[in-house]
1. Being under 19 Å from Pro80 (Cβ atoms), loosely packed, with under 12 Cβ neighbours inside 10 Å and of a type in the set (D, E, K, R) is the requirement here; does Arg142 meet it?
2. Enumerate the pairs (first residue in the stretch 90-114 and assigned to a loop (DSSP other than H, G, I, E, B) and modelled with pLDDT of 80 or more; second residue anywhere and of a type outside the set (Gly, Ala, Ser) and surrounded by 15 or more Cβ atoms within 10 Å (Cβ to Cβ)) with beta-carbon separation below 6 Å, excluding pairs fewer than 6 apart on the same chain, so at least 6 apart or on different chains.
3. Just checking, which of Gly128, Gly135 is surrounded by 13 or more Cβ atoms within 10 Å (Cβ to Cβ) and either within 23 Å of Thr78 (Cα to Cα) or more than 37 Å from the chain's Cα centre (by Cα) (or both)?
4. Does Pro70 qualify as being in a loop (DSSP other than H, G, I, E, B), loosely packed, with under 10 Cβ neighbours inside 10 Å and modelled with pLDDT of 90 or more?
Amino acid sequence: MMPPVSSSSSLESDRQSLGGVSRTGNRRRIRHLFDRVAKYIVGAGGLATIVSILGIFVYLVWEVIPLFQPATVSPEMTLPVSLHGAQGSERTHMMVGIDEYREVPFILEGKQLKFLSLPSGTPMPDAGGELPIEGEPTSVVRVG
C-alpha cells in the first residue's frame, strides 16, 4: 500500500499568493534575464577591447609611416646676419643658432652674444651682451 499523500492545497495557496507563479519559476526568469544582460555586456566589452586594440594599431601605423618617407626641409623664415670686420681673414668669428623651442635665435660675434626676437629679427635689449672671457673666441661648439 501507498502512504497517504499530503494534499497540494498548501502548494496551491503559495502559488496564488505569488501571482500565479511559483518561486522557482520566478527565480528562473530573473536568472535568465540576468544571463541575457550579462551576455550583452560581456559581448560589448569584448568588442570594445578589439576596437581599442585596432585603434592603437592604426595610431602606431599613422605615426610610423612617415619614418619610411624621405625627409623634407623648408625654411620658415630668413633673418639677415651681417659679418662685422674687414674682409678675408680679419672677420670676427661667428656662430648662429636657435634654442630648442625655435623661439629665440642667437648670434655670437667675437665676444658679443646677441639674442633676436622672432619674427621681426630685432635684437632683444635685455638679453645677451659681452661674454666675460679673456681674449677672443677661437672656436665655438654648441652643446645640447
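The values are calculated or read from the model by the stated rules, or taken from the named source; none is laboratory data. Since the structure is predicted, the reported quantities are computational estimates derived from the model, not experimental observations. Here the Cβ is made from the backbone with ideal geometry for all residues, glycine too, and neighbour counts use every protein chain on show.
1. So Arg142 does not fit the description; no.
2. Partner pairs satisfying both residue conditions: Val104/Phe115.
3. Gly128
4. yes
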